[in-house]
Structures are given as C-alpha cells and as structure tokens.
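These notes concern the structure reproduced below.
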Amino acid sequence: MKQNKRIVFTKPNTAELLDCDYVAPGPGQVVVETAFSTVSPGTEKANFIGDPNVAGSGPSNVVFPRYVGYSSSGVIVEKGSGVTDFEIGDRVAVFTGIHARYKTMNTYNVIKINDSISLSEAAMCYIVTFPLAAVRKTRLEIGESALVMGLGLLGQIAVRQLKTAGAAPIIAVDPVESRRKEALEAGADYAFDPYEEGFAGKVRAVSNGGVNVAIEVTGVGAGLDGALDCMARFGRVALLGCTRDKEFTIDYYRKVHFPGITLIGAHTMARPDFESSPGWHTHPDDIKTMFKLIEYGRIDIKPLIKEIHSPEDCGAVYTRLATDRAFPSTIQFDWSMLK
C-alpha cells in the first residue's frame with residue numbers, strides 16, 4: 001500500500017501535512033500521483049481563515065477540517081475497470097480534488113497532456129479556465145476596450161487572455177505596484193492604482209469615454225463599484241471575483257440601470273457539464289483550449305509561477321497567504337520534494 005499524505009486545514013489559520021488513506025480506483029477511475037498542485041489564493045485563503053461564505057449555495061457553518069487544492073498535475077499509477085482512454089504512465093492535468101500525494105479521480109476530471117506542456121504548467125489547468133469563462137461570457141469583440149480590476153492570479157491570467165482575444169486597450173488596475181508592473185509586462189496597455197486621484201477619469205480618458213468590458217476580480221464591493229465608474233454605455237462586467245463582503249452599497253440606478261450595464265455572474269461552476277456552446281464551455285474544453293494556446297505560443301503562463309515549495313512547507317505558505325497583501329500570484333507545491 002502506497003503511503004499517502006494531504007494538506008489539511010485543521011482549524012482556522014492552521015495548515016498541516018497529514019497522513020491519509022490511499023484509495024484504490026473503482027470502475028471508471030484512475031489514481032494520479034501528484035507532481036505539482038497549485039495554490040488558488042482567493043478560495044484557499046477564505047477556507048484557511050475560516051470564512052463561512054465559501055459555498056455557492058450560501059453561507060455554511062464554519063466547520064473544520066477543510067480540504068482544498070483543485071488544480072494539479074501528475075502521472076497515472078493505477079486504473080480501475082472499464083478505463084480504456086488512459087494508461088499507467090500517462091501525464092495528466094487534474095481538476096477538482098485536493099492537495100494530496102495520490103488522488104483517486106473519475107476520468108472526466110483528468111486531461112492528458114502532450115510533451116509540449118510541462119507538469120508545472122499543467123497544474124494551472126483548472127485555475128486558468130476561471131477568467132477564460134469570464135472573458136467568453138462578456139462576448140468580447142476584437143478591438144473593444146477591457147479593464148481588469150484586481151491583479152492577483154486570476155487578474156494576471158485575464159490580462160493575457162484578453163490580449164489573445166484582441167481587446168484594445170487593456171487597462172490593468174491594482175493598488176500593488178509590482179502587480180501593475182507585471183500586468184504591463186504581460187500585455188496590458190495601461191495600469192492604474194484604483195486609489196489614485198481621478199482614477200475613473202483617467203480610465204475613461206484612455207478608453208475613449210469608458211471601457212466596453214470589465215473583468216472584476218477583487219471580490220470586494222468597492223472593486224465592483226470602482227469598475228462601474230469606468231464603464232462605457234452598454235458595457236459588460238463579468239463578476240469573476242467571489243464577492244464575500246456584504247457591507248457595501250452601489251447606486252444601481254445611475255451606475256447600472258440607466259447606462260444599460262450588464263452584470264454577468266462568472267463563477268467557474270456556472271457553466272455546462274457536458275456540452276459546450278458559444279460563450280459557455282465545459283471545464284475539459286476550456287482546459288484543452290488553454291493548452292492549445294500555450295502550445296502555439298499565444299499565451300505564456302510560466303512567468304506567473306513565482307515560487308515552488310515542498311508540501312511540508314504548507315503551514316508557512318498559508319500563513320503568508322493570509323497576511324501578505326503582496327502574496328505571489330502563483331505558488332505551487334512540488335510533491336516530489338517530500339522526504
């Protein structure tokens with residue numbers, strides 16, 4: 001029996017690497033030995049600190065332990081009966097699941113990768129589809145202006161995807177200077193601090209009166225309110241950030257209703273499970289799209305991966321996530337580093 005370990009939030013603000021069972025695959029399942037797993041800052045911080053509002057159906061009870069880690073990669077080491085599309089030794093991307101050395105997964109949640117995709121890049125497979133779905137839902141047209149409000153991991157990916165999709169200009173917004181610089185290097189045309197004087201006026205000036213599309217990734221009401229101040233008439237705003245704070249007020253009449261703004265729910269689970277259509281793609285199809293864009297050099301996500309740690313360092317990594325406003329856009333766990 002293989003020795004398995006997983007990262008567990010045992011109580012608020014505490015992450016531990018603990019032993020767990022190795023689960024043999026059932027029919028239609030495979031076991032993946034994890035190579036890399038990626039930290040998703042927003043979701044994992046909310047779970048780490050004990051935020052009750054992490055379930056899409058509404059606030060849940062603050063119950064621990066909690067398990068996270070839904071974007072990873074690895075190699076298939078065992079398969080169950082009826083599995084014909086995968087072989088032992090296949091390199092794969094895995095979406096959903098947890099931070100664990102061995103994961104038993106349904107084949108729907110496993111995507112083969114070719115030799116042009118590294119296992120580290122493949123471990124971003126799930127997260128990169130979040131902003132991709134948001135961009136698709138805005139129905140962005142080539143040459144339309146776009147704003148990204150919030151330049152954490154998802155915002156940085158959104159900048160790259162908007163450039164590939166033909167947005168012009170792309171305006172990146174974040175109070176952290178290093179993040180603004182990174183967005184400019186990735187293809188944004190302008191970058192602003194949302195707290196600087198005359199912020200909305202500056203955005204309107206460089207976008208010919210207002211932006212057509214906004215990807216709101218801050219997850220706070222003030223971020224959405226600031227984005228609405230920058231919109232052109234009939235603009236579309238994708239709500240990609242999980243807005244968990246409730247103590248804010250928006251002037252919906254003047255900022256949404258009268259200018260005809262469309263607000264789009266862009267949670268990654270608000271998508272079809274089995275059949276893609278324009279603007280609405282399944283997770284597997286969006287993952288394959290991103291791998292194609294990487295393979296053909298349309299998008300480079302490697303610069304986003306700032307640090308790689310052993311899973312044994314999880315306690316320090318998550319403490320930084322909870323306390324450091326300038327937490328790196330992407331940190332991954334390398335499971336080969338386990339002793």
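The values are calculated or read from the model by the stated rules, or taken from the named source; none is laboratory data. None of these values were measured; they are calculated from a predicted model. For neighbour counting, all protein chains shown are included, and Cβ atoms are generated from backbone atoms with ideal geometry for every residue, glycine included. Ligands, DNA and RNA are excluded from the accessible area calculation, which covers all protein heavy atoms including side chains. Shrake-Rupley method; radii C 1.70, N 1.55, O 1.52, S 1.80 Å.
Annotations for the structure displayed:
- Computed with a 1.4 Å probe over protein heavy atoms only, the accessible surface of the chain comes to 45 Å² per residue.
- ³J(HN,Hα) computed for each position of the range 284-298 - Karplus, 6.51 cos²θ - 1.76 cosθ + 1.60, integer Hz, glycine/proline x: x, 5, 5, 4, 5, 4, 5, 5, 5, 5, 5, 4, 8, x, 7
- Extension reserve of the Thr96-Val77 stretch, reckoned as 0.36 nm per residue once the Cα distance is removed: 5.0 nm
- Our estimate of slack between Phe199 and Ala270, defined as 0.36 nm per intervening residue step minus the Cα-Cα distance, is 22.4 nm.
- Between Glu185 and Asp313, the simple label model (points 7 Å from Cα in the Cβ direction) yields a spacing of 1.9 nm.
- On the basis of the beta-carbon distance and an R0 of 30 Å, Leu263 and Ile49 show a calculated FRET efficiency of 0.65.
- Cross-link table Lys163/Lys292; Lys45/Lys112; Lys45/Lys302; Lys2/Lys288; Lys45/Lys202; Lys5/Lys292, entries beyond 26 Å C-alpha to C-alpha: Lys45/Lys112; Lys2/Lys288; Lys45/Lys202; Lys5/Lys292
- Per-bin percent of Cα-Cα distances, the range 196-334 [10 Å]: 10, 26, 33, 26, 5, 0
- In the range 206-300, the chymotrypsin sites (Phe, Trp or Tyr not before Pro) that fall in loop regions by DSSP, at most 14 other Cβ within 10 Å: Phe248, Phe274, Tyr296
- Per-residue extension of 0.36 nm, minus the Cα-Cα distance of Glu16 and Tyr296, leaves a gain of 96.9 nm for this segment.
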